[in-house]
1. Test of understanding: among S364, S328, which residue is touching a helix residue (DSSP H, G or I) at 6+ places or on another chain (Cβ under 9 Å) and farther than 25 Å from T56 by Cα?
2. Among the listed residues L229, L207, identify the single one that is touching a Pro at 6+ places or on another chain (Cβ under 8 Å), among the aliphatic types (A, V, I, L, M) and at pLDDT 95 or above.
3. Can you tell me which of Y125, Y150 is closer than 15 Å to S316 by Cα, in contact with a Phe, Trp or Tyr (Cβ under 8 Å, 6 or more places away or on another chain), surrounded by fewer than 24 Cβ atoms within 10 Å (Cβ to Cβ) and at pLDDT 95 or above?
4. Might you let me know whether the stretch 37-53 holds any residue that is more than 16 Å from L314 (Cα to Cα), open to solvent by less than 70 Å² (accessible area, probe 1.4 Å) and either assigned to a helix (DSSP H, G or I) or at pLDDT 95 or above (or both)?
5. Just the residues that are closer than 10 Å to V141 by Cα and β-branched (V, I, T), please, taken from the stretch 95-119.
6. Give all pairs with beta carbons closer than 7 Å in which a residue from the stretch 153-165 that is free of Cβ contacts under 8 Å to residues at least 24 places away in the same chain meets a residue that is open to solvent by less than 10 Å² (accessible area, probe 1.4 Å); count only pairs at least 6 apart in sequence or on separate chains.
7. State yes or no: is A116 touching a residue at least 60 places away in the same chain (Cβ under 8 Å) and within 28 Å of S324 (Cα to Cα)?
8. Determine if the stretch 395-404 includes at least one residue that is at pLDDT 95 or above, outside any helix (DSSP H, G or I), aliphatic (A, V, I, L, M) and closer than 24 Å to A234 by Cβ.
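The values are calculated or read from the model by the stated rules, or taken from the named source; none is laboratory data. Only a predicted model underlies this, so the values are computations on that prediction, with no experimental measurement involved. Every residue, glycine as well, gets a Cβ built from its backbone with ideal geometry; the counts of neighbours run over all protein chains shown. These area figures cover heavy atoms from the full protein model, side chains too; ligands, DNA and RNA do not enter into them. Shrake-Rupley method; radii C 1.70, N 1.55, O 1.52, S 1.80 Å.
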Amino acid sequence: MKTNWKKYFGSGLVLGASALILGACGGTADTSDTGSAENTSGEVVVEGDVKLWVDTDHVEVFKGIVAEFEKEFPEVTVEVAAGSSADAKKDVSKDPKAAADVFMMPHDQVGQMAEAGLLYPNTKYADEVKANNVESAVEGVTWNDELYGYPYGVESQVLYYNKAKLTEDDVKSWTTLSEKGKIGTNFAEAGANYIFGPLFMSNGLYLYGETGEDPSGTNFNDEKGAEVLAWIAAQKNNPGVIQSGAEALANLEAGVSDAFLSGPWSKNDVTKALGENMGVAAYPTVDFGSGEVQMKAFLGVKLFAVNQQTDAPLASMALANYLSNETSQLIEFQEMGVIPSNKVVQESAEVQEDVVAKAVMEMSQPTHSVVMPKVPEIVSFWPAMDAIINDAYKGNITADEYMEKLDKLVEDTSKVTEPEEEKE
């Protein structure tokens, strides 16, 4: 299932009053009372009733995983219910006390939810999470140097291509890819921001600073940023580039194009369209004028989080950790196609033999992707980035206007601009 990362940023920007009250207390949970008890031997007993929210299509898979958890923790009873990871911030902030104790969410909501006091810090399993998961996944669940989540998957776009038209060598660079074949991709419509915003980071620039947590740390208004816009503008006259939005997959199937950029959510559709000719690779390199550099993508991290207002924090943390452990991640990969963040599972033969998983894992390395920033200000990045990419590609702005437009982009993305649907 495709994760709509931009939807996460744009939805629920204004948190509920109860969440804001919690945030005013400093945004840090009181972890001194775990809600657990000690038995006669003085051992802590993990107990309590815990409600779990998972995406609807994951419910049956997690019912099986939860059954095994309850065998290991017999004093804990778990209710599995359908929720929406995309709407975690909005749903939990409505009434934190009535919300699930443990829930799925995307990493880009961690910053706002932690600041609002909605998340219980990972006080018990932080070292385990850091040791067992890839660096990018750990970064995704961290806010202000504290872990707030339990990662169970990573997600990035990759390059799908027709092996009957293009070779592995052809797709290693954008130049050879667009010389030997045609790539269908979106420069001219909404959504270009998610695909091509990372071009600026590919050229050595930063979005919200090196850590992605500095609202004033974007430096796209630089000569390197102007180089990126010039490259985008040049693609309009590149015969190997076909503007393709929603029709990108259809164009690939019809042979209008030979490649397109998408994520693991497109695996089944591309397999159906191309059959044994389906090729998958990490992003190609790109030349902005100073030599080939690696083209980057945004990386998303899937995680479980614990509600700050849970009555059973010890049981909830144990559940979140179990749902994201090695065994559970393998099941999620097998049953739902989620690319694991666990290092051991990533190295398993089953995952390594999956061409899409292998490409996503390559893309999850810092050389190939940027963990999508978690700062609230990124809601302002999306419309501004779309506008400048679309206009550069269409020729609506000239080269001598690039720096002025980039200055405005940096200014706009340094502050929170409330989405229109959130305004009263």
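1. S364
2. One residue alone meets the criteria, L207.
3. After ruling out the rest, the residue left standing is Y125.
4. Checking the stretch 37-53: at least one residue is more than 16 Å from L314 (Cα to Cα), open to solvent by less than 70 Å² (accessible area, probe 1.4 Å) and either assigned to a helix (DSSP H, G or I) or at pLDDT 95 or above (or both).
5. If the condition is that a residue be closer than 10 Å to V141 by Cα and β-branched (V, I, T), then V110 is the only one that fits.
6. Hits for this filter: zero, empty list.
7. It is true that A116 is touching a residue at least 60 places away in the same chain (Cβ under 8 Å) and within 28 Å of S324 (Cα to Cα).
8. Within the stretch 395-404 (the criterion being at pLDDT 95 or above, outside any helix (DSSP H, G or I), aliphatic (A, V, I, L, M) and closer than 24 Å to A234 by Cβ), the answer is yes, since at least one residue qualifies.
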